[in-house]
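The values are calculated or read from the model by the stated rules, or taken from the named source; none is laboratory data. Here the structure is a predicted model, which is why all the values come from computation and not from measurement. Cβ coordinates were reconstructed from backbone atoms using ideal geometry, including for glycine residues, and neighbour counts include every protein chain displayed. For accessibility, only protein heavy atoms count, side chains too; no ligands or nucleic acids. Shrake-Rupley method; radii C 1.70, N 1.55, O 1.52, S 1.80 Å.
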Amino acid sequence: MAESPPRILPRPTAATAPFWEAAREHRLLLPLTAEGEPYFYPRAFSPGSLAPGTEWVEASGRGVLYSYTVDRRGTAPAFAARAPYVIGIVELEEGPRMTTNIVECAIEDVRIGMALEAVYEDVDDEVTLVQFRPV
């Protein structure tokens with residue numbers, strides 16, 4: 001049997017490190033704008049004001065499915081080995097939308113507006129992925 005291609009994993013940066021460190025602890029952190037509003041994706045400057053430095057808040061890990069697609073082929077060999085899978089945009093309870101995978105749900109049961117909760121895939125000692133499953 002042929003070996004699966006290696007997974008393509010995120011590479012934390014100084015700006016995203018708090019997010020990935022919390023994910024390893026099975027917690028979801030969101031950065032805050034200069035005005036105290038949570039946003040996603042983590043980046044070096046606050047959206048809108050471009051203020052440097054970011055405070056973080058722990059999120060509930062709950063949300064609803066805003067939109068999704070099913071990848072049935074994969075755009076690279078590492079993704080093709082996992083197809084088919086659901087790529088979703090989850091509207092978090094705190095407001096921001098997060099692109100992620102929807103797991104532990106049959107593809108035909110995925111519905112816009114379904115209630116979701118965060119789950120964590122410990123890929124290795126360095127990376128834990130934040131995904132969502134139905135509540």
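Could you tell me whether the stretch 70-83 includes any residue that is within 16 Å of the chain's Cα centre (by Cα) and polar (S, T, N, Q)? Checked the stretch 70-83: no residue is within 16 Å of the chain's Cα centre (by Cα) and polar (S, T, N, Q). Selection of strands (runs of 3 or more DSSP E) fully inside the stretch 1-76 by the criterion of at least 2 residues being open to solvent by less than 50 Å² (accessible area, probe 1.4 Å) and either at pLDDT 90 or above or of a type in the set (S, T, N, Q) (or both) returns 29-32, 62-71.
Apart from one condition, residue 94 fits all of (1) open to solvent by 40 Å² or more (accessible area, probe 1.4 Å); (2) touching a Gly at 6+ places or on another chain (Cβ under 6 Å); (3) closer than 29 Å to residue 33 by Cβ; the exception is (2).
Would you point out the residue of the stretch 106-124, among those that are touching a residue at least 24 places away in the same chain (Cβ under 8 Å) and hydrophobic (A, V, I, L, M, F, W, C), that is most open to solvent (accessible area, probe 1.4 Å)? That would be 112.
Regarding residue 86, is this residue open to solvent by less than 50 Å² (accessible area, probe 1.4 Å), aliphatic (A, V, I, L, M), over 19 Å from residue 123 (Cα atoms) and in contact with a strand residue (DSSP E or B) (Cβ under 8 Å, 6 or more places away or on another chain)? For residue 86, the condition - open to solvent by less than 50 Å² (accessible area, probe 1.4 Å), aliphatic (A, V, I, L, M), over 19 Å from residue 123 (Cα atoms) and in contact with a strand residue (DSSP E or B) (Cβ under 8 Å, 6 or more places away or on another chain) - is not met.
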